[in-house]
Amino acid sequence: LEEQNRFRNEHGIKVVGRHVPGALQSFSDLVERYKVSQGLVDTVTQCGYSEPTPVQRQALPCMLEDRQIFACAPTGSGKTAAFLLPILHSLGAPAGGPRALVLCPTRELAHQIYRELLRLSAATQLRCSVVRSVKESKVKEREATIRKSDIVISTPNRLCYLLNQDAVNITLDKVRWLIIDEADKLFEGSSEQSGDFRQQLDQVLAACGSKQRRIAMFSATHTPSLAKWCRHHMRGLINITVGQRQL
Ligand code: ADP
Ligand code: MG
């Protein structure tokens, strides 16, 4: 345990929670510890990622052990792969019907995450999609895409717009991982916007009704209201902070 703490300290990782899984020494640890396929680890290496970043060292084992996390780490510290890799491993074979859902504040960000997902999923058969413009003529097309995707990335606005269409039937009851990325921006936008977001999040949570549903939240900043939301909604929560807390 002391050794674990020293290792975390060396990497600027702080954790709060019960029975926190040990941090990762290297990506190849994933094969032995979690039976992650060598193909997925090879893809990571081919992306040029030789060592996990601090947030990846701690978030990967937590999510691979099905623990809900609130991870705060600076911009550019590799949070995207920190949530995509556990999803790619845990979903296994394609099944159709979203089993992982990533919410983020803007379309641009959604596309960035999608590009990273396409790279990291290269060795898998999983189907990934990003929800594009939901203008009326495209609604049925979007529905069809979501229904056959294993992993869906969207802004809350677009997803909820689709969920609220009478003619659209999208079920999220197979969602095992709900990721809230750039949570600080989603929760702390202008008060009007963030009010919308809380309502949208309630709707998404109600739709993601699986007992196995887990939430992982990622943010560059740590705010009291985010921390409070996590305490109330995430059983067995582990808080991960990398570097100085940025307020
Ligand atoms: P964040 O979401 O924390 O702002 P990103 O996930 O966008 O950061 O990652 C920032 C950059 O770092 C991206 O270009 C990504 O490809 C790269 N990256 C991610 N993980 C690693 C790693 N383990 N080693 C090297 N580069 C990485
Ligand atoms: Mg990010």
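The values are calculated or read from the model by the stated rules, or taken from the named source; none is laboratory data. Since the model is a prediction, treat every value here as computed from it, not as a measurement. Every residue, glycine as well, gets a Cβ built from its backbone with ideal geometry; the counts of neighbours run over all protein chains shown. The area values use the complete protein model at the heavy-atom level, side chains included, leaving out ligands, DNA and RNA. Shrake-Rupley method; radii C 1.70, N 1.55, O 1.52, S 1.80 Å.
Multiply the residue gap between Asp173 and Thr75 by 0.36 nm, knock off their C-alpha separation, and tell me the result in nm, one decimal place. Mind showing how you got there, number by number?
Numbers: separation 98, 0.36 × 98 = 35.28 nm, distance 3.16 nm.
Using 0.36 nm per residue and subtracting the Cα-Cα distance, I get 32.1 nm.
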ask   = What translational diffusion coefficient, in µm²/s and rounded to a whole number, does the Stokes-Einstein relation yield for region 65-172 at 20 °C and a viscosity of 1.002 mPa s, taking the hydrodynamic radius as the Kirkwood radius over Cα pairs?
value = 147 µm²/s
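I'd like to check one number: the per residue accessible area of the chain, probe 1.4 Å, reported in Å² as a whole number. Working shown, then result.
Values: 12070 Å² over 247 residues.
Using a 1.4 Å probe on heavy atoms only, each residue of the chain averages 49 Å².
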request  = Compute the long axis of helix 191-207 from its Cα atoms, compare it with the longest principal axis of the Cα atoms of the chain, and write down the angle in degrees, 0 to 90, nearest 10.
outcome  = 90 degrees
remark   = Too long for a 24 Å Cα-Cα cut-off, among Lys140/Lys174; Lys138/Lys185; Lys79/Lys135; Lys14/Lys35, are Lys138/Lys185; Lys79/Lys135; Lys14/Lys35
note = Under a Gaussian network model of the chain whose springs join Cα atoms within less than 10 Å, the largest fluctuation of Met217, Met63, Met234 belongs to Met234
request  = Compare Arg213, Arg119, Arg107 in a GNM of the chain, Cα atoms joined below 10 Å, and give the one with the largest fluctuation.
outcome  = Arg119
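Can you give the net charge of the other residues whose Cβ lies under 15 Å from the Cβ of Ser50, counting K and R as +1 and D and E as -1?
On the way: positive: Arg57; negative: Asp29, Asp42, Glu51.
Residues near Ser50 contribute -2 overall.
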remark   = Rounded to whole angstroms and listed largest first, the alpha-carbon spread of the chain along its three principal axes comes to 57, 41, 31
inquiry  = I want to check the label-to-label distance for Arg235 and Ala220. Put each point 7 Å from Cα in the C-beta direction and report it in nm to one decimal.
reply    = 3.5 nm
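Would you kindly state how much longer the chain becomes between Gln203 and Leu118 on full extension, computed as 0.36 nm times their sequence separation minus their alpha carbon distance, in nm to one decimal?
Values: separation 85, 0.36 × 85 = 30.60 nm, distance 2.78 nm.
Full-extension gain reported as 27.8 nm.
Over the chain, calculate the relative contact order: mean separation of alpha carbon pairs under 8 Å at least 6 apart, over the residue count, as a percent.
Working: 430 pairs, mean separation 68.8, N = 247.
Taking the mean separation of contacting Cα pairs over the length of the chain, I get 28 percent.
Using the beta-carbon distance between His19 and Lys211 and R0 = 25 Å, what value does 1/(1 + (r/R0)^6) give for FRET efficiency, to the nearest 0.05?
Values: r = 21 Å, r/R0 = 0.83.
Once the sixth-power term is evaluated, E becomes 0.75.
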note = Under the Karplus relation with 6.51, -1.76 and 1.60 and θ = phi - 60°, whole-Hz ³J(HN,Hα) for region 11-27, x at Gly and Pro, equal 9, x, 9, 10, 10, 9, x, 8, 6, 6, x, x, 6, 7, 7, 7, 4
